[in-house]
C-alpha cells in the first residue's frame, strides 16, 4: 500500500512539475524581454537627452554670439533691408526643390524692442506634400543664407489629396532697421 502511495505522490509531483515548468520558463523569458526593452529605452532616452543638451548648448552659443558686441555680429548675417519679394521667391524655390506644394505664404512685420538693431519679419507658410518633402524643405531653409528661426510646425492630413500631409510653418527672419 505504501508503494502505491509513493507512486501516486511521485506521479502527482511529476504532473505538477510538468504544468508548473512552462509557467516558470515563460515568466523568466518575459522578464528578460522586459529588461532588454527597458535597457533599449534607457539608451534611447540618453541619446535624446544628449541631443537636446547639444541643441541647447548651440542655442546658447548662438544667443551669446548674437548679443556679442552689441549685436554687431548680426549685421554680417542679416540683410540691410526688408526684401519680401526675394524672400518669397527663395521659399518658392526651396519648396519646388523639396517636392512640397506651397498653398499660401503670409508675411507680417513684428514689433520688436526699439533698442534692438534688427526687425523681425514673421512668415506663415502653408505647404502640402510628404513627410520627406517637409524634411527636405526644412533642410533647405536651414541652408538658406538668411537667418531664419522656425517657431512652430503644425502637421495634419490633407483632405483634398489622400496620402498627403498639410504643413503650417511659422518662421521668423530678420533685417536691419
Gaussian network model of the chain, Cα within-10 Å springs - most flexible of 154, 142, 42: 42
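Percent relative contact order of the chain, based on C-alpha pairs within less than 8 angstrom and at least six residues apart?
Values: 193 pairs, mean separation 34.6, N = 177.
That works out to 20 percent.
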log10 I(q)/I(0) for the chain, Debye formula on C-alpha points only (no solvent), q = 0.14 Å⁻¹, two decimals, reads -0.92
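When 98, 110, 128, 139 are ordered from fewest to most other Cβ atoms inside 10 Å of their Cβ, what list results? Provide the component values of the computation, followed by the final result.
Numbers: 98 21, 110 10, 128 18, 139 13.
Ranking 98, 110, 128, 139 by Cβ neighbours within 10 Å, fewest first, gives 110, 139, 128, 98.
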Rounded to the nearest 10 degrees, what's the angle between the helix 2-67 long axis and the longest principal axis of the chain, both from Cα atoms, 0 to 90? 10 degrees
A student asked for the Cα radius of gyration and Dmax of the stretch 79-176 in angstrom ought to give 14.0, 48
For the pair residue 25 and residue 5, what calculated FRET efficiency results from E = 1/(1 + (r/R0)^6), where r is the Cβ-Cβ distance and R0 = 22 Å, to the nearest 0.05? 0.15
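Bear in mind these aren't lab numbers, they're just calculated from the coordinates by the rules spelled out. Values in this document were obtained by computation on a predicted structure and should not be read as measured data. As a convention, Cβ positions derive from the backbone with ideal geometry for all residues, glycine included, and neighbour counts pool all protein chains shown.
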